[in-house]
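The next block holds one structure in the form of structure tokens; read it before the comments.
Here, each number is a calculation from the coordinates, and none is a lab measurement. In this text the structure is predicted, and so the values were computed from the model without any measurement. Methodologically, a virtual Cβ is constructed for each residue, glycine included, from the backbone with ideal geometry; neighbour enumeration extends over all protein chains shown.
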Amino acid sequence: MDNYAMIEKLKAVGVQFADGLSQAQITNIEEAFQFHFPKEISAFLSCAYPVGANFFDYRDTSPSNIRFFNEFQQNIKETFLFDIEHDADWLQYLLEEALGTFSEINTFKDAVLRALEDSPRLIPFYAHRCFLDGMDGMPIISFWQAVDTVFYGSDFENYLENEFLTPDHQHKLGEISDNMKNTGIWYHIIW
């Protein structure tokens, strides 16, 4: 992806940008929030940094923003717990290939939580659109509930096109990488 060309296209539709991040800033952010940007997102952010109410502000490494980030991570776990309690049949159907069939809800709950712990973390980018912690070339995922997780792009470039440059209901999802098969629980929920 030509980051500068994409940034110009995004600016043309109203996305606002601040100066890009230096490698030292990226390293500081990754240490503060304890995750790794995928290389394509790191490269993009080094060219220009999108700003606005819906973009997560990683430049703010204050304790309150780190706490907000950690609460986001906890909310993901809580949505799984909610779906286990309220949508267990549907969630179990989605996860059956990964986790097997369970007759007891507590055994299923334990299996889901173990699989969740073994999966890459979802890191917020824009609103509830997330990327996978440190996984290059992966799709951007919209996470609202475990049973309502949706691809917004097959990779970062496809996501940016779909989110900001394509009229509603005309999104085109590129081919999903085989790497998706190695992402644990997310692969099964998304499909």
Under 5 Å between amide hydrogens, which residues at least 5 positions from residue 21 or on another chain qualify, with H placed 1.01 Å from N in the peptide plane? 46, 47, 48
If each residue's Cβ is checked for other Cβ atoms within 10 Å, how do 22, 103, 42 rank with the fewest at the top? 103, 22, 42
Enumerate lysine pairs in the stretch 3-190 that are 8 or more residues apart or on different chains, then count those whose Cα atoms are under 23 Å apart. 10
What is the Cα coordinate range of the stretch 3-190 on the first, second and third principal axes, sorted by size from largest, in whole angstrom? 54, 40, 27
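Divide by every residue of the chain the summed helix terms, -39500 (n - 2.57) for each DSSP H run of at least 4, and state the resulting mean residue ellipticity at 222 nm, rounded to the nearest 500 deg cm²/dmol.
Numbers: 8 runs with 91 residues, N = 191.
Only helices count here, giving -14500 deg cm²/dmol.
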Compute the angle between helix 88-99 and the longest alpha-carbon principal axis of the chain, please, reported from 0 to 90 degrees and rounded to the nearest 10. 80
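Rounded, prolate or oblate: which one fits the stretch 114-176, using the alpha carbon gyration tensor with axes a ≥ b ≥ c (rounded when a/c is under 1.5, else prolate when a/b beats b/c, else oblate)?
On the way: a/c = 2.09, a/b = 1.67, b/c = 1.26.
Prolate, since a/c reaches 1.5 and a/b exceeds b/c.
Summing +1 for each Lys or Arg and -1 for each Asp or Glu, what net charge is found among the other residues whose Cβ lies under 14 Å from the Cβ of residue 36?
For residues surrounding residue 36, the net value is -3.
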Neighbour-count ranking for 67, 59, 121, 129 (other C-beta within 10 angstrom, fewest to most) reads 67, 59, 121, 129
Listed highest first by mean packing, meaning other Cβ atoms within 10 Å per residue, what order do 77-83, 136-142, 104-110 come in? 136-142, 77-83, 104-110
If amide hydrogens are placed 1.01 Å from N in the peptide plane, which non-local residues have theirs closer than 5 Å to the one on residue 55? 127
